[in-house]
Amino acid sequence: MLFDSVTTLHGVGAARAKQLEALGIRTLYDLIAHFPRDYEDRTQLRRISDLTPGTPSCFEAMVISQPRNSRIQKGRTVTRLSVADQSGRLNLVFFNQDYVGKMLEYGVTYFFYGRLEEDFSRMMVNPVFERQDQPGYLTRRIVPVYSLTASLSNKLLSKTIAQALDACCGQLSEILPATLRAKYELCDIGYAYETVHRPASFKELEIARRRLVFEEFFIFSAGLSLARSKRIAKPHAPYADLDMEPYYAALPFSFTAAQRRAVGDILTDFSSSKPMNRLVQGDVGSGKTVVAAAAAWCCAKNGKQAALMAPTGILAEQHFRTLAPLLSGFGISTLLLTGSMGAAAKRDAKHAIAEGKAQLVIGTHALLTGDVSFSNLDLVIADEQHRFGVGQRAALSAKAENPHLLVMSATPIPRTLALILYGDLDLSIIDELPPGRMGIDTFLVNESYRARLNRFIRNQAEAGHQVYIVCPAVEENEETSRKSAEAWAAALQQTVFPDLRVGLLHGQMKGLEKDAVMGQFAAGEIQILVCTTVVEVGVDVPNATLMIVENAERFGLSQLHQLRGRVGRGQAKSYCVLLSDSKNPETRTRLKVLCSTNDGFRIAEQDLELRGPGDFFGRRQHGLPAFKVASLSCDLDTLKEAQDATRDYLGSHSLDDPALTSLYDRIRSLFDEEDMIFN
Ligand code: ADP
Ligand code: MG
């Protein structure tokens with residue numbers, strides 16, 4: 001029953017089934033698992049005199065004039081009538097709903113739900129209504145609001161879902177055992193589904209919702225801990241050669257104590273008989289690349305292959321430029337594989353990887369494609385991990401028997417969220433910057449500083465330094481960002497800095513073009529680089545000393561901190577200028593946080609506090625599965641409880657206990673990547 005097709009429902013034919021399919025709904029279960037995205041409170045009745053323009057409300061009123069239909073232009077019709085209660089009267093207007101004239105009878109009382117027009121405060125357009133003696137469906141209740149497609153109305157979808165609930169809500173099976181439900185005071189599953197669609201009160205809704213949130217987090221954290229225990233369960237041969245001194249000696253600088261600690265943690269993992277599962281977290285500029293390279297170096301010395309996966313081609317290319325020469329000194333061959341390489345070059349690279357001729361392979365997610373096979377991959381490094389999903393991490397590790405996994409991230413994530421995102425990893429923190437860094441002075445200015453700013457740019461360039469100018473992200477829309485960057489670069493080159501070299505870099509350029517521009521900038525041939533947020537992560541040009549962000553109000557704090565991290569990477573004093581004409585006090589408070597601190601963790605905490613985790617991670621991929629009910633902004637307490645519950649529950653069952661089968665099924669559908677992690 002539960003997994004019968006939607007067409008078994010009365011009134012659902014092929015056409016309706018197709019509309020539902022567009023929402024991913026095929027079975028009755030899919031229908032009842034299509035939870036409302038919001039609710040409208042239509043339980044409060046108001047008097048007509050108390051209605052406020054713009055706010056939808058429910059009220060009870062009698063029709064006090066015969067409805068009149070008339071034609072307006074283009075064959076449209078309009079129906080007008082008046083209604084009243086003891087407090088006053090109101091004119092109702094319906095467009096293209098002639099039948100309304102027949103349904104609303106003179107002298108009869110109805111419940112209405114609608115919104116007064118902002119400009120004509122005694123008029124309401126197209127309210128919904130029900131006779132006073134009919135049961136409340138559109139009025140007098142909490143009405144669920146569903147995600148829809150164009151051809152399906154909310155009313156129709158709620159009716160279909162209601163039908164499905166009546167048919168099969170009783171057949172839902174419990175994932176959460178009774179003891180657990182009792183301990184955490186969770187309602188049963190049937191009640192939760194029923195109530196989340198047809199809540200009698202907000203209090204009941206909250207009870208139902210909490211149960212569903214708990215369940216989702218329970219499945220999620222069970223998934224993470226199973227992934228971890230499965231990886232750890234497989235033994236790994238320890239590395240024999242753990243002497244790092246030759247590597248340290250080859251570097252042009254000495255490691256900071258924090259870098260040494262991180263390498264120490266990695267070596268401990270290498271020397272154990274379990275595969276490494278480690279996250280190295282360090283603020284921008286803390287020197288994570290050489291730590292990753294140390295791991296790769298050690299892996300190569302022990303006769304194995306390493307892969308380093310970067311989120312962008314620019315970053316992969318840069319890692320290649322710095323690491324290949326460093327490692328070749330030891331006779332270790334490094335190879336680059338990105339999506340933008342030509343077919344022949346790719347073929348050659350894949351060959352070399354398969355034959356084991358490349359000991360370190362650096363690339364983008366091109367490394368994940370099915371036809372890349374390694375000869376003896378044993379270490380997988382993911383740089384700037386927040387861009388990768390749990391699944392991508394797993395896909396790369398799946399290219400080897402049971403490889404070590406090292407994840408590098410600059411995104412300073414508040415502890416609560418780190419626990420979620422990286423719950424399956426051990427943590428090393430690099431909490432120290434290389435010596436001699438002078439800190440970056442950050443200023444918030446408005447357009448009136450433009451002339452001074454241009455002089456400042458010129459000063460920096462004349463002192464032999466380089467400048468980034470980041471153009472606004474327009475809703476993360478690369479196309480619009482590209483246009484603004486292009487126009488800005490051209491304007492600066494022609495009118496302000498004709499004697500300097502202004503470069504342009506945006507996400508829509510071809511891989512080779514991007515590499516060429518980045519190469520020129522790294523070599524100091526371009527003084528001013530106008531760009532989009534493609535330079536946000538990882539880019540390392542120590543000679544750049546000035547970061548300018550246009551329309552800074554459009555960026556998140558953590559993102560600005562990442563951008564600012566592109567400067568202050570060398571010995572020279574560096575600056576970051578945030579341009580914003582915004583007068584919004586909240587925006588200014590937010591931006592001033594950056595002027596007051598260089599500490600990524602503090603900024604992340606502030607960012608989280610000010611915007612909530614949804615925005616904190618932006619719309620870009622953050623590696624979390626799409627939760628249906630749970631929200632990372634409001635359900636952190638429930639998350640904590642669910643994590644405790646998971647630990648108790650899994651701790652008291654062996655992993656092959658048949659009682660866990662249905663939990664495994666749910667984990668697979670939540671992560672949606674069966675063959676990767678949980679096989
Ligand atoms: P991130 O942690 O942001 O990835 P990088 O690895 O790109 O930082 O390093 C930033 C810069 O600092 C690079 O130019 C790198 O060569 C340099 N660097 C790294 N470690 C040290 C160190 N111990 N002493 C001096 N400079 C260092
Ligand atoms: Mg980096």
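The values are calculated or read from the model by the stated rules, or taken from the named source; none is laboratory data. All of these numbers come straight from a predicted model, not from anything done at the bench. Here Cβ is always computed from backbone atoms with ideal geometry, including for glycine, and neighbour counts include all displayed protein chains. Just the protein is used for accessible areas: all its heavy atoms, side chains included, with ligands, DNA and RNA removed. Shrake-Rupley method; radii C 1.70, N 1.55, O 1.52, S 1.80 Å.
Key figures
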| item | result |
| --- | --- |
| Test result for Arg46, free of Cβ contacts under 8 Å to residues at least 40 places away in the same chain, crowded, with 16+ Cβ neighbours inside 10 Å and touching a Ser or Thr at 6+ places or on another chain (Cβ under 9 Å) | no |
| In segment 345-364, the residues that are of a type outside the set (S, T, N, Q) and buried (at least 18 other Cβ atoms within 10 Å of the Cβ) | Lys346, Ala349, Lys350, Ile353, Ala358, Leu360, Val361, Ile362, Gly363 |
| Failed item in (1) more than 23 Å from Tyr449 (Cβ to Cβ); (2) open to solvent by 30 Å² or more (accessible area, probe 1.4 Å), with Gly538 passing the rest | (2) |
| Thr545 being surrounded by fewer than 17 Cβ atoms within 10 Å (Cβ to Cβ), closer than 17 Å to Thr442 by Cβ and either among the hydroxyl-bearing types (Ser, Thr, Tyr) or within 16 Å of ligand 2 (Cβ to nearest atom) (or both) | no |
| Strands (runs of 3 or more DSSP E) enclosed by segment 71-180 - at least 3 residues per element that are touching a residue at least 12 places away in the same chain (Cβ under 8 Å) and more than 41 Å from the chain's Cα centre (by Cα) | 77-85, 88-95, 109-114 |
| Wholly enclosed strands (runs of 3 or more DSSP E) of segment 526-610 bearing at least 2 residues under 20 Å from the mean Cα position of the chain (by Cα) | none |
| Matching option when the condition is open to solvent by less than 70 Å² (accessible area, probe 1.4 Å) and at pLDDT 95 or above, among Val78, Val83 | Val83 |
| Index of the failed condition, Pro325 passing every other in (1) closer than 17 Å to Ala522 by Cβ; (2) surrounded by 14 or more Cβ atoms within 10 Å (Cβ to Cβ) | (2) |
| Criterion (modelled with pLDDT under 95, open to solvent by 10 Å² or more (accessible area, probe 1.4 Å) and away from ligand 2 (no atom under 16 Å from the Cβ)) met by exactly one of Ser271, Ser254 | Ser254 |
| Verdict on Val12 being surrounded by 13 or more Cβ atoms within 10 Å (Cβ to Cβ), in contact with a strand residue (DSSP E or B) (Cβ under 8 Å, 6 or more places away or on another chain) and not basic (Lys, Arg) | no |
| Subset of segment 238-248 [in contact (Cβ under 8 Å) with a residue 12 or more places away in the chain and open to solvent by 40 Å² or more (accessible area, probe 1.4 Å)] | Pro238, Ala240, Asp241, Leu242, Pro246 |
| Pick from segment 294-310, criterion hydrophobic (A, V, I, L, M, F, W, C) and either without any contact (Cβ under 8 Å) to a residue 60 or more places away in the chain or surrounded by fewer than 23 Cβ atoms within 10 Å (Cβ to Cβ) (or both), ranking: farthest from ligand 1 (Cβ to nearest atom) | Ala300 |
| Residue under evaluation Asp265, criteria (1) more than 11 Å from ligand 2 (Cβ to nearest atom); (2) crowded, with 23+ Cβ neighbours inside 10 Å, criterion not met | (2) |
| Pro235 vs. criteria surrounded by fewer than 18 Cβ atoms within 10 Å (Cβ to Cβ), in a loop (DSSP other than H, G, I, E, B) and at pLDDT below 90 | yes |
| Enumeration of residues in segment 514-535 that are open to solvent by 40 Å² or more (accessible area, probe 1.4 Å) and within 16 Å of ligand 2 (Cβ to nearest atom) | Ala522 |
| Selection from segment 353-384 of residues that are touching a Ser or Thr at 6+ places or on another chain (Cβ under 8 Å) and small (Gly, Ala, Ser) | Ala354, Gly356, Ala358, Gly363, Ala366 |
| Close pairs (6 angstrom Cβ cut-off, 6 or more residues apart or separate chains): within 12 Å of ligand 2 (Cβ to nearest atom) and assigned to a helix (DSSP H, G or I) in segment 318-329, among the polar types (S, T, N, Q) and open to solvent by 20 Å² or more (accessible area, probe 1.4 Å) anywhere | Leu323/Thr334 |
| Subset of segment 611-630 (residues that are surrounded by fewer than 16 Cβ atoms within 10 Å (Cβ to Cβ), modelled with pLDDT of 55 or more and assigned to a helix (DSSP H, G or I)) | Gly612 |
| Exclusive hit being more than 13 Å from ligand 1 (Cβ to nearest atom), closer than 30 Å to Leu557 by Cα and out of contact with any strand residue (DSSP E or B) (no Cβ under 6 Å at 6 or more places or on another chain), set Gly329, Gly313, Gly287, Gly370 | Gly313 |
| Hey, Arg554 within 16 Å of ligand 2 (Cβ to nearest atom), modelled with pLDDT under 90, charged (D, E, K, R) and on the phi < 0 side of the Ramachandran plot or not | no |
| Test: residue in segment 334-341 that is crowded, with 18+ Cβ neighbours inside 10 Å, under 30 Å from Ala604 (Cβ atoms) and within 16 Å of ligand 2 (Cβ to nearest atom) | no |
| Options Val196, Val263, Val284, Val280: the member that is under 27 Å from the mean Cα position of the chain (by Cα) and either at pLDDT 95 or above or assigned to a helix (DSSP H, G or I) (or both) | Val196 |
| Residues of segment 56-70 classified as open to solvent by 40 Å² or more (accessible area, probe 1.4 Å) and in contact (Cβ under 8 Å) with a residue 12 or more places away in the chain, total | 7 |
